[in-house]
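Asker: Let me begin by handing over the structure; questions about it come next.
The values are calculated or read from the model by the stated rules, or taken from the named source; none is laboratory data. Keep in mind that this is a model prediction, so the values were computed, not measured. Every residue, glycine as well, gets a Cβ built from its backbone with ideal geometry; the counts of neighbours run over all protein chains shown.
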Amino acid sequence: MALRLFRTTGYSTLLMPGEARLARHPAQLVLGASLWIGLACNVALWRLLGGAAEQLVPAFVAAAVLGGGSGLLFSLLGWRRTLKPAITLALIAVALLACGLWTQRLPVEALWQQQPRSLLPSWAEFLRLRVLALVLVLAVVPIVTLWNTTVRRLPGPTQLRANLLGAIAAAAVLGGGLLLA
């Protein structure tokens, strides 16, 4: 009779070593979502690339403020249970704001000067294909991708260190954007 010291269940750990390597680091999700919000959801960059009368500086200021602010928020909420819901809500809100700025032809400075309710598109705009396509591209596709991505589990001190470093970097980007404004 052989002596068994451990019971064998077929699962040595919760995450096998290959699974841990395939899972994304939480900082990668924070960086990706911040870049998406700062660049893809930035109406000033759309107008600049489309040849509209927008200037270069407001487009980069908006990118730095949106990306840095969202990066700071996501870094502070970068824990395993709060990261995906925070990014989801932010993507929905920013996509709706981008649709409102785009359909109402408002300048980017309206983000800081007007009431948030006046920035949203009207209900009649949601029946048009343009707004539905923008919401689909800016919010739905990234949210589905986000929720199908596995996030690496980190020990508490390692996660805290990554969150603090991300928050410092995002605060630097946000501060640079506010200095340019």
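Asker: May I ask you to list the residues in the stretch 77-108 that are among the β-branched types (Val, Ile, Thr) and at pLDDT 90 or above?
Answerer: 82, 87, 88, 92, 94
Asker: May I ask you to say which residue of 156, 166 is free of Cβ contacts under 8 Å to residues at least 60 places away in the same chain and either at negative phi or of a type outside the set (Gly, Ala, Ser) (or both)? Don't jump to the end; show me each part of the working.
Answerer: Details: 166 fails: free of Cβ contacts under 8 Å to residues at least 60 places away in the same chain.
Checking each option against the conditions leaves just 156.
Asker: List every residue pair whose Cβ atoms sit under 8 Å apart, with the two residues 6 or more apart in sequence or on different chains, where the first one lies in the stretch 127-145 and is within 16 Å of residue 87 (Cβ to Cβ) and touching a residue at least 60 places away in the same chain (Cβ under 8 Å) and the second, anywhere, is among the β-branched types (Val, Ile, Thr) and surrounded by 12 or more Cβ atoms within 10 Å (Cβ to Cβ).
Answerer: These pairs meet every condition: 138/94.
Asker: I want to confirm something. Restricting to the stretch 69-90 and keeping residues that are β-branched (Val, Ile, Thr) and touching a residue at least 12 places away in the same chain (Cβ under 8 Å), which single residue is nearest to residue 159 (Cα to Cα)?
Answerer: Taking the candidates together, the pick is 87.
Asker: Still on this structure, please answer the following. Residues in the stretch 11-22: is at least one surrounded by fewer than 20 Cβ atoms within 10 Å (Cβ to Cβ), among the polar types (S, T, N, Q), modelled with pLDDT under 65 and over 16 Å from the mean Cα position of the chain (by Cα)?
Answerer: Checked the stretch 11-22: at least one residue is surrounded by fewer than 20 Cβ atoms within 10 Å (Cβ to Cβ), among the polar types (S, T, N, Q), modelled with pLDDT under 65 and over 16 Å from the mean Cα position of the chain (by Cα).
Asker: Quick one: which of 103, 158 is under 29 Å from residue 47 (Cβ atoms) and in a helix (DSSP H, G or I)?
Answerer: 103
Asker: Just need a number here: residues in the stretch 40-75 that are surrounded by fewer than 17 Cβ atoms within 10 Å (Cβ to Cβ) and either modelled with pLDDT of 95 or more or among the charged types (D, E, K, R) (or both).
Answerer: 0
Asker: So, one more: Taking the stated definitions as given, is residue 78 assigned to a loop (DSSP other than H, G, I, E, B) and closer than 18 Å to residue 172 by Cα?
Answerer: yes
Asker: While we're here: In this structure, is residue 167 in a helix (DSSP H, G or I), under 23 Å from residue 24 (Cα atoms) and hydrophobic (A, V, I, L, M, F, W, C)? Spell out how you get there, then give the answer.
Answerer: Working: in a helix (DSSP H, G or I): yes; under 23 Å from residue 24 (Cα atoms): yes; hydrophobic (A, V, I, L, M, F, W, C): yes.
Yes: the conditions hold for residue 167.
Let's see how each residue does on (1) under 22 Å from the mean Cα position of the chain (by Cα); (2) under 19 Å from residue 47 (Cα atoms); (3) at pLDDT below 75; (4) of a type in the set (Ser, Thr, Tyr):
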position	(1), (2), (3), (4)
110	yes, yes, yes, no
119	yes, yes, yes, no
129	no, no, no, no
152	yes, no, no, no
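Asker: Within the set of pairs 6+ apart or on separate chains, which have a first residue in the stretch 35-48 that is closer than 10 Å to residue 94 by Cα, a second that is β-branched (Val, Ile, Thr), and C-beta atoms under 6 Å apart?
Answerer: Hits for this filter: 37/94; 41/94.
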